[in-house]
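Peer 1: Have a look at the structure that comes next, please.
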Amino acid sequence: MDGVRMEAIRIERLSKTFTNGRKALDEIDLRVAPGEMVALIGASGSGKSTLLRHIAGFTVSDPQPSQISILGRPIQQNGRLVREVRRIRRDIGFVFQQFNLVNRLSVQANVLIGALSRLPFWRRVIGRFPRDERALSLAALGEVGIAEHAQERASTLSGGQQQRAALARALVQRARIVLADEPIASLDPESSRRVMDMLRVLNRDHGLTVLVSLHQVDIAMQYCPRTVALRQGKIVYDGPSAALTPVLLQQLYGDDVRELYEETANGTATPPASAPLAQQRYAFALDPVHSA
């Protein structure tokens, strides 16, 4: 591209209005470079999940001039998905808040789903995975620390383990971008820490671009050098996470700022936004699989 580094995510003039007339996204412009790890913060209803779903091509914007590009390729333009949307989605691993695993399948089978787009149609139909793909799935499960659960049903895993299985699936998919929609919202502090650590490993060791939506600003500051803050569908801040002082957050969110310091899953409340940030950090610290 004439010496210019291709952007991993490029969004121009993105707006979304729900059928009830509420503006969920309002003229969003955003650039994310390859290899960045970026936090997306905001109170409930700020537009975080809606934005991620648009980037992934799960939904479309208002029918007006706008564009979302993934690694230099448009995925939707002017409120319409492009014809090649499925091919572009192969580069996007999406981690859902509620894990999105098939409970009756084994953990390994769930992870192998990430490889389906690379397989011939007949293999997809019967769920017959080549040996190298099965080896890749076990390696990915080992990397996220749950290889010993590979043959167990997904329903037997804890929430944190299920979320790590979802991250392993993104590795098997060979995604280049990971979109994580509040991946720690329903987890206890220790499981939250493990999932965020794994997202950082995917970013640092595998070079994946990570865009993760979070309620908790302290976690955003600990893991993500850059934060994009949304409020009522608008970007109200885009810059270094370290610059998000309690005073600035109060200016950006007003009374809604307390939601960014919500209670942890074990019931321990975080300190109020008026406390120094150093004191606000809390501890979070197809089955069976067929042989080739």
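Peer 1: Suppose each label sits 7 Å from its Cα in the direction of the beta carbon; what would the Q77-R53 distance come out to in nanometres?
Peer 2: Distance between the two pseudo-spin positions: 2.5 nm.
Peer 1: Could I ask something else about it? Sorting R258, R31 on the 10 Å Cβ count, fewest up front, what's the list? Before the final figure, lay out each step's value.
Peer 2: Values: R258 16, R31 13.
In increasing order of surrounding Cβ atoms, one gets R31, R258.
Peer 1: Packing-wise, with mean Cβ within 10 Å as the measure, how do 54-62, 17-25, 163-171, 195-203 rank, highest first? Walk me through the numbers before you get to the answer.
Peer 2: On the way: 54-62: 19.0, 17-25: 12.3, 163-171: 26.6, 195-203: 20.9.
In descending order of packing, they fall as 163-171, 195-203, 54-62, 17-25.
Peer 1: Sort the following peptides by mean Cβ neighbour count (other Cβ atoms within 10 Å, averaged over residues), highest first: 179-190, 85-96, 105-116, 128-139.
Peer 2: Output ranking for 179-190, 85-96, 105-116, 128-139: 105-116, 179-190, 85-96, 128-139.
Every number here is computed from the coordinates shown, using simple stated rules; none is lab data. Since we're looking at a predicted model, the values are computed, not measured. Here Cβ is always computed from backbone atoms with ideal geometry, including for glycine, and neighbour counts include all displayed protein chains.
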